[in-house]
Amino acid sequence: MATKLAFTVNGAPRAIAAPPQTPLLYVLRNELNLTGPRFGCGVAQCGACAVLVDGHEVRSCVTPAGSVNGKHITTIEGLPALWAAGQPSAQTGTLHPVQQAWIDEQVPQCGYCQSGMMIAAVDLLSKNPNPTAAQVKDAFTNTPPSPHLCRCGTYAAIVDAVLLAARTMSTGKAG
Amino acid sequence: MRTPIEAPITSTLSRRGFVRAGGALFVSLALPAQQAQAPAGNSVDPTQLPSWLEIRADNTILARTGRTETGTGMSAFYAQTLAEELNVRPESITLILGDTDRTPDGGYSAGFLTGALNLRKVGAYTYQALLTLASAQLVVPVTELTVTNGLVSGGGKQVSYGQLVQGQQLDLKIPISGTPARVDATAGNGLSGLDGYVVTGDPPMKPISQYRIVGQSYPMPGIPAKVTGRTKWSCDVKLPGMLHARMIRPATLGSTLISLGTLDKQRFPTAQVLRKNNLVAVVSPDEWEAISAARAVANTTKWTAWAGLPGSDNLTATLRAVNWGAPCETHGNAGTVATALAGAARTISASYEQPYVRHAPMGPYVAVADVKPDGAVTVWTHSSHSQGLRAQLAHALSVPVDKVVVRWLDQAGQYGRTTFGGDGAEADAVILSQLTGKPVRVQWTLQEDLAWSTVSPGWVADIKAGLDANGRIVAMQNDSYMPKQMDARLLGAILAGLPCSTSKPSNFLALEWVYDRIPAVCQRGFGMTNLAAETPAGGLRGNIMRTPGQRQQNFVLEGLINEAAASAGADPIQYRLDHTTDQRLIDVLKATAKAADWEPRPSPGPGARKSGPGTLTGRGVNIMRRSNAYWVGIAEIAVTPETGAVQVSKFTIGLECGKIINPRQLDRCMKSGLIMGLSETLKEEVTFDKERVTSTDWSTYRILTMAEMPEIRTVQISRDDQGFGTGGEAANGICAPAVAAAFFDATGVHPRRIPLTPAYVMRLLKT
């Protein structure tokens, strides 16, 4: 039975009607036209669908939309605004340093998993602003509920990009 | 600004020369704006320049090719090589890829070598035509013109390409040969015309030594959109009235439908169950309803029982029991080799094997189809071979190819499984759209993809080498036994009972031989059909996968070279140098060994042991030549005998592939291809019982994680005198032999099977 649900998505209030057990992934993609998060496995084993809920990574493919009612949801489409909100001097249109690092380090190959990878990177850097390469590998592998998987094999590029983003973000904060 | 070309390219080809070369140059200034011809039948005329290139008044260029981007960087490489021939900036080029109604050539996307030559030649023809136009306009001989960034200069005057063609049509005839892809029962893979239309003739192309754009790390054009969420992926296609579908697959690989399950209309009011023979699906305008209803209907759908698979634990014994008959392919003379082996001082022999593995993209198959009442079909796909898919679909539907339009969009990498235009969800979507009269989006589940998509077959191989008194190899017999990897059928068409392409039970020899100092060599490939081929679903459908044939056969060859080096007490790098005169291989092998700080000594290492506490280390090497490229891989690993754990700690990968197009992207592809190869070497196995595939999620089909990635060093050698080779794909072909050799170096035991899982390693070390 469809229920009214309301959340803040990428900084804007959104209300929809959906059965509360509908996974958040389908609400974001089909109701709100946010196609950054993608269907990978449907069982929280790969990370392609990851989004931030109140700043923490969740797998939207197994997260009932009703369980995030009233919460703040961020997809990669909302990362620039998320960054700007914490940076009074940031200019409109500036990408999140994680996104910029993903471009600068030329991370995506097919790119299918990379939305989830960037969400995981933002989550990691919010907890550990200056990780080592070993900590990056550990976080992307051993953080529940599953490793973030990439079949193209871009892991080395991801490590490079997370370390670059960490440097950029610490500079930004210092400034 | 890029440095201007110091040595300008000037035409040495006369107008008559063009005609001789097979082309015809018409410069027509009478017609209005350039546009791709869209002749009847949803096809583009490949003989017309505007089908390939549009030069716009603002000096930007739109280029079209039927090839696609699969993640390795082709979209950048095409732009770079075309820009080089036209003397423009790559940023000024926009590409349309893969749409069958908007691109001229078709062709599969197996690599740069076949993919880019068409665009390079079109660029070279166009460049000559533009020089001719500019010469007339500036009243300066062609030989006195120079071009920088699309601006033609001569006699103190300048004109841009855009100004030259403004309001006019550059009417240039492009000479072509070949045919579009079509289903062909005489072809081994069931499809002829894999290359599509090929641009012919010999237009003057820029010498590699004068390249200024190729060789630079031009950024991948698609990345900013992928990173910001602007890319429209094939899973994002939304059409008015579109239904979401989830498929209900047979209970086993050999089942047929007994009865459809019931649909509870109270719970799923807008869902609908559809069926065509053994193809069963649930559709709904709401995706979550389609998913939930499909699960419920699947629970009550009845299928016949079947249990005809051997079980993956019995795979090797099953393959050994096959009557393989005569080889499908033979290189060399087995009799000559038998004589040489009989005369050798001693022989060594080994049998190698690998279970089934699979492509396993991060995104399961997805497709959208819209079949109109008049039979016109439009399909949105991520297949790497749009024209091949178009041919497969037209064949299945028994309609002319002109009835079918295939539109290509980005999606998860496919690693070869769509090369022949098959596999995939497209037939499902087309059939369901026909049944409903509405556009249908079919999203496979992960479990479905890992159970029902095509696989890279398991195999066994026997190899024997004769050594002389000095330990040099004098003869080698190498026999490979493997089910076919050419089955391109679309699952939906198979299950629905529609016509499908066919394929032969072949096993092709894929090694490119570099050991020219081995005097007598014979290689044979023995093939068979799919396992359980007789079932309505076609059994375990074998298909090519990244570096096909060669990565399997290289494990055998390089494995034995390492075994022979150890048997001869020789350093394995020096042993390779002793068996080849190929200077390109020698150069990159030495450079990679240096980067890896390789200290010559034989294997196993001095501390090698099979048991006991702690962790052992070892190092190993392997090489490969593929498509005008030379690869070297050096692995350093740690083995823990008490747990069977193998960790690759460091890997040095060297490549000489002729002229390197984009060093940064090549570095990315070398490292990422290596990850995929290590994943296969250490972890991957498709398991199945007697009824069905059982490795159907990421906890049962395991792939490498980030924490398991080694430290990686890359060595690149670029040359101007050897043309282009392939660098994007094949790094996965030089992993298993190096890791196996490093395992031997650490333990003194030769692994002749991958994956090196802890359970297998424990068994191996106990023998």
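What is the number of the single condition among (1) under 21 Å from A:Gln106 (Cβ atoms); (2) assigned to a loop (DSSP other than H, G, I, E, B); (3) hydroxyl-bearing (Ser, Thr, Tyr) that B:Ser672 does not meet? Result: B:Ser672 passes all but (2). Applying the criterion of being in contact with a strand residue (DSSP E or B) (Cβ under 6 Å, 6 or more places away or on another chain) and within 30 Å of B:Tyr352 (Cβ to Cβ) to the residues of region B:280-317, the residue that is nearest to the other protein chains (Cβ to nearest Cβ) is B:Ser312.
When the residues of region B:363-378 are narrowed to those that are within 14 Å of chain A (Cβ to nearest Cβ) and part of a loop (DSSP other than H, G, I, E, B), which ends up surrounded by the most Cβ atoms within 10 Å (Cβ to Cβ)?
B:Tyr365
For residues that are in a loop (DSSP other than H, G, I, E, B), more than 14 Å from chain A (Cβ to nearest Cβ) and under 25 Å from B:Gln553 (Cβ atoms), scanning just region B:686-742, find the one that is modelled with the lowest pLDDT. It would help to see each step written out before you state the result.
Taking region B:686-742 as the starting set, the residues that turn out to be in a loop (DSSP other than H, G, I, E, B) are B:686-687, B:689-692, B:694-705, B:709-710, B:718-723, B:725-729, B:735.
If we keep only those that are more than 14 Å from chain A (Cβ to nearest Cβ) too, we end up with B:686-687, B:689-692, B:694, B:718-723, B:725-726.
Subset that is under 25 Å from B:Gln553 (Cβ atoms): B:686-687, B:722-723, B:725-726.
On the way: B:Val686: 98, B:Thr687: 98, B:Gln722: 96, B:Gly723: 94, B:Gly725: 93, B:Thr726: 89.
Of everything passing the filter in region B:686-742, B:Thr726 is modelled with the lowest pLDDT.
Looking at A:Gly70, A:Gly40, can you tell me which residue is within 30 Å of B:Thr72 (Cβ to Cβ) and not in a strand (DSSP E or B)?
Details: A:Gly70 fails: within 30 Å of B:Thr72 (Cβ to Cβ).
Result: A:Gly40 is the single residue among A:Gly70, A:Gly40 that is within 30 Å of B:Thr72 (Cβ to Cβ) and not in a strand (DSSP E or B).
For B:Val405, the requirement of being farther than 20 Å from B:Ser43 by Cα and either within 27 Å of the chain's Cα centre (by Cα) or outside the structural domain of B:Glu680 (by TED's automatic domain parsing) (or both) is not met. For beta carbons closer than 8 Å, sequence separation of 6+ or different chains, a first residue in region B:333-362 that is within 14 Å of chain A (Cβ to nearest Cβ) and closer than 29 Å to B:Pro548 by Cα and a second that is among the hydrophobic types (A, V, I, L, M, F, W, C) and assigned to a helix (DSSP H, G or I), the qualifying pairs are B:Arg358/B:Leu450; B:Ala360/B:Leu450. Checked against the criterion of being closer than 30 Å to B:Val401 by Cβ, of a type in the set (Val, Ile, Thr), free of Cβ contacts under 8 Å to residues at least 60 places away in the same chain and out of contact with any Gly (no Cβ under 6 Å at 6 or more places or on another chain), the candidates B:Thr114, B:Thr179, B:Thr186, B:Thr126 yield just one match: B:Thr186. The residues of region A:114-149 that are at the interface with chain B (Cβ under 10 Å from one of its Cβ atoms), of a type outside the set (Ser, Thr, Tyr) and not in a helix (DSSP H, G or I), listed by number, are A:Pro147, A:His148, A:Leu149.
B:Thr381 meets each of the listed conditions (1) within 14 Å of another protein chain (Cβ to nearest Cβ); (2) in contact with an Asp or Glu (Cβ under 8 Å, 6 or more places away or on another chain) apart from (1). Among the residues making up region B:566-605, those that are part of a helix (DSSP H, G or I), more than 18 Å from B:Trp631 (Cβ to Cβ) and touching a residue at least 60 places away in the same chain (Cβ under 8 Å) are B:Ala566, B:Ser567. Going by the conditions given, is B:Thr581 of a type in the set (Ser, Thr, Tyr) and touching a strand residue (DSSP E or B) at 6+ places or on another chain (Cβ under 9 Å)? Here the answer is no, as B:Thr581 does not meet what is asked. Residues in region B:69-128 that are assigned to a loop (DSSP other than H, G, I, E, B), among the charged types (D, E, K, R), buried (at least 22 other Cβ atoms within 10 Å of the Cβ) and away from chain A (no Cβ under 14 Å): B:Asp105 only.
With respect to B:Val283, determine if the residue is modelled with pLDDT of 95 or more, more than 30 Å from B:Gly542 (Cα to Cα) and surrounded by 16 or more Cβ atoms within 10 Å (Cβ to Cβ). Criteria not met by B:Val283. The one condition from (1) surrounded by fewer than 17 Cβ atoms within 10 Å (Cβ to Cβ); (2) within 14 Å of chain A (Cβ to nearest Cβ) that B:Gln166 does not meet is (2). The single residue among A:Pro80, A:Pro88 that is more than 13 Å from chain B (Cβ to nearest Cβ) and either touching a residue at least 40 places away in the same chain (Cβ under 8 Å) or not in a strand (DSSP E or B) (or both) turns out to be A:Pro88.
Conditions (1) aliphatic (A, V, I, L, M); (2) under 30 Å from B:Ser284 (Cβ atoms), marked per residue:
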{"position": "B:Lys157", "(1), (2)": "no, no"}
{"position": "B:Ser160", "(1), (2)": "no, no"}
{"position": "B:Pro180", "(1), (2)": "no, no"}
{"position": "B:Tyr197", "(1), (2)": "no, no"}
{"position": "B:Gly241", "(1), (2)": "no, yes"}
{"position": "B:Arg249", "(1), (2)": "no, yes"}
{"position": "B:Ile258", "(1), (2)": "yes, yes"}
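What number of residues within region A:91-113 are hydroxyl-bearing (Ser, Thr, Tyr) and more than 8 Å from chain B (Cβ to nearest Cβ)?
So the count comes out to 2.
Of all residues in region A:43-67, which are under 19 Å from A:Gln114 (Cβ atoms) and part of a strand (DSSP E or B)?
Filtering region A:43-67 down to residues under 19 Å from A:Gln114 (Cβ atoms) leaves A:44-52, A:57-61.
Within region A:43-67, A:Ala50, A:Val51, A:Leu52, A:Glu57, A:Val58, A:Arg59 meet the criteria.
The one condition from (1) in contact with a Ser or Thr (Cβ under 6 Å, 6 or more places away or on another chain); (2) assigned to a helix (DSSP H, G or I); (3) over 22 Å from B:Leu495 (Cβ atoms) that B:Gly413 does not meet is (2).
Listed here are the residues, each with its yes/no results for (1) more than 8 Å from chain B (Cβ to nearest Cβ); (2) surrounded by fewer than 16 Cβ atoms within 10 Å (Cβ to Cβ).
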{"residue": "A:Thr3", "(1), (2)": "yes, yes"}
{"residue": "A:Pro13", "(1), (2)": "yes, yes"}
{"residue": "A:Pro19", "(1), (2)": "no, no"}
{"residue": "A:Tyr26", "(1), (2)": "no, no"}
{"residue": "A:Asn30", "(1), (2)": "no, no"}
{"residue": "A:Phe39", "(1), (2)": "no, no"}
{"residue": "A:Gly55", "(1), (2)": "yes, yes"}
{"residue": "A:Arg59", "(1), (2)": "yes, no"}
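Just checking, which of B:Val460, B:Val440, B:Val399, B:Val405 is under 28 Å from B:Val357 (Cβ atoms), β-branched (Val, Ile, Thr) and touching a residue at least 12 places away in the same chain (Cβ under 8 Å)? Being under 28 Å from B:Val357 (Cβ atoms), β-branched (Val, Ile, Thr) and touching a residue at least 12 places away in the same chain (Cβ under 8 Å) holds for just one of B:Val460, B:Val440, B:Val399, B:Val405, which is B:Val460. There is no residue in region B:235-257 that is touching a His at 6+ places or on another chain (Cβ under 7 Å) and either within 14 Å of chain A (Cβ to nearest Cβ) or surrounded by fewer than 14 Cβ atoms within 10 Å (Cβ to Cβ) (or both). Against the numbered list (1) surrounded by fewer than 22 Cβ atoms within 10 Å (Cβ to Cβ); (2) within 11 Å of another protein chain (Cβ to nearest Cβ), B:Asn662 comes up short only at (1).
The values are calculated or read from the model by the stated rules, or taken from the named source; none is laboratory data. Remember, it's a predicted structure, so these values are computed and weren't measured experimentally. Glycine gets a Cβ as well: all are built from the backbone with ideal geometry, and neighbour counts include every protein chain shown.
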